[in-house]
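Undergrad: Sharing a structure here in structure tokens format.
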Amino acid sequence: MTRVGPITVADVTYEADVALDFDETRASYTVHMPMEGRLESRHRGQKLTSTPTLASLYLPDGDIAVTRWPGGSRHLAVKIDRVAVDRAVEGLVNGPVDSPIAFNASLPLNSDAAQNWVRLLLTVHRQLADPESMLRHPAVSIPLAESLIHGLMLVTDHPYREALAAPVNPARPAAVRDAMDIIEAGPHLPLTTARLATQCHVSVRTLQEGFQRHLGMSPMAYVREVRLRRAHRDLRSADPGHTTVAAIAHRWGFTHLGRFAAAHKTKFGKTPLQALHAAR
């Protein structure tokens, strides 16, 4: 079992057939995805069958009974805190939402978007199994958790699908400037698009549209741009005898050194190592 922010992922296999009852109040939405085998369950009076191509999504309220979990089958269970999901949707639609959100109980996994979401989830799960993984750093884990929640909203059926697909009003340039100021003042912080939008008093989608229109990039791409500049500054001023490229890259939230080196060379014309050894 691993956890990234409000998301908990468990990779579970029982050796024998089991049946389970959950009648307590839960504080999370749960997605159940068999990787091998199947699962038969009942939720809010509805019979559900989960397979590798069809996941089941359980709401925080209502009973859950696993009527048959075949022995030897491997299942991935994902729990996402109810408050985190509700707030993410409120930010996306720029308004209050009914809670719990009435997700469709069946989630087909055969679309490209759903497959991409599952692959991202599995990658995060594997990385977090390493206690030294940089995904545990808040600057990385918080935006990543937000992306997983937003991805779930895009691959599931729920009452807000049309609102997410509707055109958004252009962001005021003032909101974009305010967000840029926040990013420049604290690029080391665990910034997310949702947090920036809240601080700038606009919706997530409105802020995204404003950044794309005025800067040609997303808010998080601008965060990475600022962090890259700060990393370059630190490389130029550091003593190569007392620090490393990896240490500076990790300080600014760059977990993949190869991509960091490529981005740095594209931006500044030198590799990070060359910048570190340049005259200070």
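Undergrad: Specify, per residue and in Å³, the volume enclosed by the convex hull of the alpha carbon atoms belonging to the chain.
TA: In the chain, the Cα hull volume divided by residue count equals 142 Å³.
Undergrad: Mind checking the full-extension length gain between L215 and Q115? Use 0.36 nm per residue of separation minus the Cα-Cα distance, one decimal, nm.
TA: Working it through step by step, the gained length comes to 32.9 nm.
Undergrad: Report, to two decimal places, the Cα Rg of region 100-220 normalised by 2.2 N^0.38 Å (N = number of residues).
TA: 1.19
Undergrad: Let me ask something else about it. Ranked from highest to lowest mean number of other Cβ atoms within 10 Å per residue, what is the order of the peptides 237-244, 224-231?
TA: Listed from highest to lowest mean packing, they are 224-231, 237-244.
Undergrad: Between region 24-43 and region 181-247, what is the separation of their alpha carbon centroids in Å?
TA: 37 Å
Undergrad: How many nm separate the modelled label positions at E132 and D11, each set 7 Å beyond the Cα in the direction of the Cβ?
TA: Between E132 and D11, the simple spin-label model gives 2.0 nm.
Undergrad: For the modelled label position 7 Å from the Cα of D181 along Cα-to-Cβ, which residues of region 193-233 have backbone nitrogen atoms closer than 14 Å?
TA: Once the point is set 7 Å along Cα→Cβ of D181, 199-201 turn out to lie under 14 Å by backbone N, inside region 193-233.
Undergrad: Please give the FRET efficiency for T243 paired with T67, using the beta carbon to beta carbon distance and R0 = 45 Å, rounded to the nearest 0.05.
TA: Efficiency at R0 = 45 Å is approximately 0.20.
Bear in mind these aren't lab numbers, they're just calculated from the coordinates by the rules spelled out. Computed from a prediction, not measured in an experiment: that's the story for all the values here. Note that each Cβ is placed from the backbone with ideal geometry, even for glycine, and that neighbours are counted across all protein chains shown.
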